[in-house]
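The structure under discussion appears below in the form of structure tokens.
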Amino acid sequence: MEVRAARRNERDEVLDLLALWYNDREFFARYNQLDPTFRDELCLVARDGGRLVSTVQIFDRAINLDGHAVPMGGIGSVFTLEEYRHKGVASALMRLAVDTMVGEGFEVSLLFAERLTFYNQFGWREVERKFSILAGGSGLKPADSDGWDRFEIDIFDETRDLPEVAEIHRAYSGRFNVSAVRDESAWRANLRFAGNQPMRPGEGSEEYFTICRERGGRIAAYARVTRFHGVSMVMEFGYRPGNDDAMLATFKYLAEEASGAAISLRRVGDHRRSALLHGTEPAAASMLVTHTAHDLELEKKMAISGCPIAHHVDNNYMWRILASEKLARRFAMAPEAASTHAFDLFSDSSSLFWTSDRF
């Protein structure tokens, strides 16, 4: 059994192997083709004789930890042929993945998994995170007598709107630990993923990206939505300081659109993609799922305005420290204390990793 980094001439073979997972080769091909950080050295394979039997991919990312852009290795596209499972093949690849990430300078690692005990043995630890359930978004009430009339909902246009949206993302999401750091290249790649790629293999979903303006003015808030497991998921949102009313207006609009209720806000632009929000189950149709636990002031304002938020906790969110000495220098503390501090940040309910940054 040969366990190593993939070679360039094996790219198609890796995709053929992954296609056996969900019969969706194109899902995995998009990552390789659209991710500017993709490198063959970060795609690991196990070869037995004449064929590939297992693979793991490392995704090159950076996250915010206490104001530092910390290199993070994301683990994904983990697949082993059924006849090679429970024989130590995937374990050998995971050990190689750790060594590779350390050698490449990554300091922390993230993966999403259901087989928690499998990844525990290689140093990953599960951390609870909260999903927010907005069941009454269409009933949100405006905070003042002007109502929703001063807002309009438009469709995001990358050429026109990306500079403003990226500015809002830096100011809003950049306040929170664990949020992904995006330069312009990362933003454009992220838009390619979300706009063209399903959330999971075998799912045909796109992104509905809306912006909210005070009429005739600059962008005050935005939201990125897809359909996931039959409900509307707000994968990411953001708003300018002092513009939380615009964020509430955006949530109200999305909930109305999802439920088929009359639309209260003025719309401009081509909103054909809003069809992504239209579900078949009445109970799920009006529901929005997102992350709000990081923003207590927004949650409080939503509750006052008629939309209390419920939380669902999952623990499929797993982290590993790769370079405690480097973290120690960043945080100006001993390595063990730095590792503990990093996990405190990972598990803090005020930390944030958007679904839109999935891999």
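The values are calculated or read from the model by the stated rules, or taken from the named source; none is laboratory data. What you are looking at is a predicted structure, and each value in this text was computed from that prediction instead of being measured. Ideal geometry is used to build each Cβ from the backbone, glycine not excepted, and the neighbour counts take in all protein chains shown. Surface accessibility is based on the protein's heavy atoms, side chains included, excluding ligands, DNA and RNA. Shrake-Rupley method; radii C 1.70, N 1.55, O 1.52, S 1.80 Å.
A few remarks follow.
- With the simple spin-label model, which puts each label point 7 Å out from Cα in the Cβ direction, the Arg170 to Ala275 separation comes to 3.7 nm.
- Pairs of Cα atoms nearer than 8 Å and 6+ residues apart set the relative contact order; for the chain it is 23 percent.
- Taking only the Cα atoms of region 205-323, the ratio Rg/Rh comes out at 0.99, with Rh defined as the Kirkwood radius.
- Between Glu214 and Asp144, the contour length at 0.36 nm per residue exceeds the alpha carbon distance by 23.8 nm.
- Total lysine pairs under 22 Å (Cα atoms) in the chain, excluding pairs fewer than 8 apart on one chain: 8
- Charged side chains reduced to their Cβ positions (Lys and Arg at +1, Asp and Glu at -1) give region 293-357 a dipole of some 180 debye around its Cα centre.
- Net charge over other residues, Cβ less than 14 angstrom from the Cβ of Gly174 (K, R count +1; D, E count -1): -2
- When the Cα convex hull of region 1-160 is projected onto planes of every orientation, the mean area is 14.6 nm².
- In terms of accessible area, using a 1.4 Å probe and ignoring ligands and nucleic acids, Glu214, Glu336 rank largest first as Glu336, Glu214.
- Here the accessible area is traced with a 1.4 Å probe on the protein chains. For the chain, carbon and sulfur cover 48 percent of it.
- A Cβ-based charge dipole, computed about the Cα centre of the chain with Lys and Arg at +1 and Asp and Glu at -1, lands at about 160 debye.
- Helical contribution to [θ] at 222 nm, DSSP H n ≥ 4, -39,500 (n - 2.57), averaged over the chain, rounded to 500: -10000 deg cm²/dmol
- Heavy atoms of Val14 accessible to a 1.4 Å probe, total area in Å² rounded to 10: 10
- Accessible area per residue was computed with a 1.4 Å probe on protein heavy atoms; Lys301 scores about 50 Å².
- Extreme residue, positive dipole direction of region 110-248, given options Asn120, Pro142, Ala180 (C-beta unit charges): Asn120
- Heavy atoms of His311: accessible area, 1.4 Å probe, square angstrom to 10: 80
- In the context of the full set of protein chains, residues of the chain present 43 Å² of accessible surface per residue (probe radius 1.4 Å, heavy atoms only).
- Among beta bridges that DSSP assigns inside the chain, antiparallel share in %, nearest 5: 90
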